[in-house]
Structure formats: structure tokens, C-alpha cells
Amino acid sequence: MIQVDELLLNKFFMDEASSEEISAIREWAMASEENRMRFRKAFDLYAATTLAVARLQSLPDGLLRKRPEKKRRNFLRTALWTGSVAAAIAFGVFLSRNTGLPGGTANAAVVQTLSTAQGERASLTLADGTRIHLNGKSSLSYPSAFGKTREVSLSGQAYFEVAKDESRPFIVKTWRYEVEVTGTEFDVVADEAAGRFSTVLVKGGVKVRDELTSSRLDMTPGQRVVASADGSLTRANLADNDDQTQWNRGIISCTGMSFAEVMAVFEDSFGVRIVLPEDNIPENKASRLKVYRSAGIEKAFRVLQAAGTHFTYSYDAASGAYYVN
């Protein structure tokens, strides 16, 4: 394994690194923001020093020796500052060409993260025009601008309206699976803790890939792909496709879920805490269940009761929880 240190970085800056060493630097720089900061600092120092030396060598003989000490220090400070600016610009170019991170300036290379708490929703528009709607208890990492590729990372659930760009596929990476598109609408659930992954395609076309096995499934509109218990990708029952995307329209869909699963969805959707009995958990009698999030938790309870599920509940102000009996 190639060790990335200041010596290797300087070798790269002098265009003496091998293709294997360049790949190692790329992976290292992508691994963390701390590594990217180290890269910037090393590049700043290299560029500033190179520029300062070049400027010193271009001066007439004896000129610096005739300058007062204060003026000589100011000159060197200016040379170092100019070199640092040049380094920042060059660093952005390196990122855009070699890491897929945004280029142009040093600040543009920073990967940003948007997270939502339980019961929250958030939406954002990326630099390429892609619109993303983030469900509760989810996290999305994305660059402030894209280079040759468009790549984001998701934990939780999000609905994507991807801006069309045939030359730069849009890739959503999760803990194991990735979804690749050029311009489309789709929903992704990526819950590593529960081992849940699924994608519903609304418009366009996507490719879903298992990074562990390299297996791939191509999807057409109206299809749903899920990860099975063993992690393999399969096409699920198409009749329930629409349920996964209902949340983005303010509808909570709990079709085919157990009572405990319905309560978990209610907790996430309404941002409340629900305590279930240790035993004798009610059986969900609702074959299909959809409620509007705007109606509130107690309305959702009543809809479930009206569908034939027998249970009672009470709210405890001291603990701030709903208790199901």
C-alpha cells in the first residue's frame, strides 16, 4: 500500500508521480476533509516556495542585498501570498480533474452535508439543477459544485429529480449500493442499520449496482428494486410501487406493515415517541393504510382504528410519549 506523505505530494506537484501514486493520492484526498486540508497546505507551500524562488532568480544580481531588511521581508511576504493564491486555484483544478470533487477554488472542494431529524423534511437544489427532497432521519453529503462526475452520498430516504446531463451521470452512493442515472425521478431508501435498501423509479432510467458483488439491475419507470435478506438485489411486487414515494406528497403509506412497523413510521413521520406494550402487541388489520402527515398523529391513530385495528392509546405529558395499550 502506497503511503501518502509530504514527500509523495511534492513528487506529484513536480509531475514525477506514477499513475499508481496518483491513484493513491486521489483515494487519500477523497477519504476525509482532514486529508484534503493537508493536500491544500502542502500544495500552498510548494507553489509559494516555487514562485518565490523564481522571482528571486529573475532579479538583477545584488538587488536584494541593496534593499533595506524591512523591504526584503515585505517582498518575500508578497511572493508567498501570491504563491498561495495560485496554489488554491491549482488545487481546485486538481480536484475537478482527479477526484470528481468540485473545482475552481479551494473552497469549492468542500463536501457539504444536509441532515434531518425525526419528523423533519428538507429540500435543496444542487449546482447542476438537481432537486432533492430529504425525508426525516436522513443525511445527504454533496459537493457545492460538480466536476466531471456528479456524485452524492445518502443515508436514509430521499426523492431525486435529477437534471439531465448525458455526459455526466448522477450517482447516489449508499453504504453498499449505488444508483446511477443521467436525468430522471426516483426514490431511494438506504437504512444500513436495518439492512434496508430499495429504489422506485418514477421517470427515466436507472442502474442499480451492488458494490459488494458488482451485480447490476437496470430499471424502467414503474419498477421497484429492493435488497433481499442476503443483500442481493431483486425486483419487488410492482403493485405497491407508488407507496414508497407517497411521503414526498405529504402522505404516509403503511401498506403491508405490522403494527410495530406502522408505529415506527408514525414516530418518524410525526416526530413523536410511541411506547408499545412489552407483549400482546395489536395486530394490524388494515390491508392498505394512507394518512396525510398534516393531519397529525392522533388523526393517524383514529384512521388506523377505523380500519379495524383494535388498540387504545394515551398521551403522557410528563414523558412526552404516547402509550399504546
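The values are calculated or read from the model by the stated rules, or taken from the named source; none is laboratory data. Just so it is clear, the model here is predicted, and its values are computed rather than measured. Positions of Cβ are generated from backbone atoms using ideal geometry, with glycine treated the same way; all protein chains shown enter the neighbour counts.
Does THR245 count as in contact with an Asp or Glu (Cβ under 7 Å, 6 or more places away or on another chain) and either assigned by TED's automatic domain parsing to the domain that holds VAL189 or in a helix (DSSP H, G or I) (or both)? So THR245 fits the description; yes. No other residue among VAL262, VAL303, VAL275, VAL200 is surrounded by 13 or more Cβ atoms within 10 Å (Cβ to Cβ), at pLDDT 90 or above, of a type in the set (Val, Ile, Thr) and under 20 Å from TRP175 (Cβ atoms) apart from VAL200. Selection within region 7-21: residues that are charged (D, E, K, R) and either under 15 Å from ARG36 (Cβ atoms) or under 28 Å from the mean Cα position of the chain (by Cα) (or both). The member of this set that is surrounded by the most Cβ atoms within 10 Å (Cβ to Cβ) is GLU21. Of the residues making up region 1-23, those that are part of a helix (DSSP H, G or I) and within 18 Å of LYS41 (Cα to Cα) are GLU6, LEU7, LEU8, LEU9, ASN10, LYS11, PHE12, PHE13, ILE22. Is there a residue in region 259-281 that is aromatic (Phe, Trp, Tyr) and assigned to a strand (DSSP E or B)? No: zero hits. Once region 174-209 is narrowed to residues that are free of Cβ contacts under 8 Å to residues at least 24 places away in the same chain and under 12 Å from the mean Cα position of the chain (by Cα), the residue that is nearest to ASP243 (Cα to Cα) is THR174. When you check GLY231 against the structure, is it part of a loop (DSSP other than H, G, I, E, B) and closer than 25 Å to TYR159 by Cβ, yes or no? In short, yes.
Per the conditions (1) within 11 Å of the chain's Cα centre (by Cα); (2) assigned to a loop (DSSP other than H, G, I, E, B), the sole criterion not satisfied by ALA127 is (1).
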